[in-house]
1. Based on the Cα atoms of the range 25-67, what semi-axes does the equivalent ellipsoid have, where each is the square root of 5 times one gyration tensor eigenvalue, given in whole Å with the largest first?
2. Once Rh for the range 1-48 is found with the Kirkwood sum over Cα pairs, what is the Stokes-Einstein diffusion coefficient at 10 °C and 1.306 mPa s, in µm²/s?
3. First measure r as the distance between the Cβ atoms of His76 and Asp42, then evaluate 1/(1 + (r/R0)^6) with R0 = 30 Å and state the FRET efficiency to the nearest 0.05.
4. Would you calculate, for the chain, the mean residue ellipticity at 222 nm contributed by helices, counting each DSSP H stretch of 4 or more residues as -39,500 (n - 2.57) and dividing by all residues, to the nearest 500?
5. Taking the Cα centre of the chain as origin, sum charge times position over the Cβ atoms of Lys and Arg (+1) and Asp and Glu (-1), and report the length of that vector in debye to the nearest 20.
6. When the chain is fully extended, how far beyond the present Cα-Cα distance does Val104 get from Phe117, taking 0.36 nm per residue of separation?
7. Mean separation of Cα pairs under 8 Å and 6+ residues apart, divided by the residue count of the chain: what relative contact order is that in percent?
8. Among the lysines, which fall within straight-line cross-link reach of Lys38, defined as a Cα-Cα distance under 17 Å, with same-chain neighbours fewer than 8 residues apart omitted?
Amino acid sequence: MTMGGVSADHALRYYALKDDCDVCPFKMRCCPKTPSRKVTRDVHEDARDMARRLMRTKIFLRSRDERKRVEMRFMHLKTHHGFERIRLRGLPSARGELHLVGIVQNLKTLALRLRSFASFVPRL
């Protein structure tokens, strides 16, 4: 049974009847210091339950891995290259700036790979 309203912390509070708790064999483990049990459930708990179920699927895991790959590249740009904000205004300009930054990052990655590959190639 609920009192019907949502509290200030966006939660519904459900209370068991005292008569139900008195006859329950688990009373001493469940609520030994109170006359009856009180359960608090957030208003958005249904959405959280659905998100928890989705987190166990293969599609979510693949999506998470792809997001992580992209986020790691942006993190690398911000921490190692000082790219903290887009300096140009307007969507076409911002898109162009991101393309240039992506090209620079890909060229740096390619240069590092070629350098490490060159160390394995025997000199003639």
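1. Rounded to whole Å, the semi-axes are 38, 12, 7.
2. On the way: Rh = 11.9 Å.
My calculation gives 134 µm²/s for D.
3. Rounded to the nearest 0.05, the efficiency is 0.25.
4. On the way: 5 runs with 72 residues, N = 124.
Only helices count here, giving -19000 deg cm²/dmol.
5. Numbers: 28 positive and 13 negative charges, 153 e Å.
Charge dipole, the chain, about its Cα centre: 740 debye, nearest 20.
6. Length gained, Val104 through Phe117: 2.7 nm.
7. On the way: 64 pairs, mean separation 17.7, N = 124.
Worked out over the chain, it gives 14 percent.
8. Hits, sequence-local ones excluded: Lys18, Lys27.
All of the numbers you see were taken from the coordinates with simple rules; none came from a lab. Note that the structure is predicted; figures quoted are calculated from it, not measured. A quick note on method: Cβ atoms are made from the backbone with ideal geometry, for glycine too, and the neighbour counts reach across all protein chains shown.
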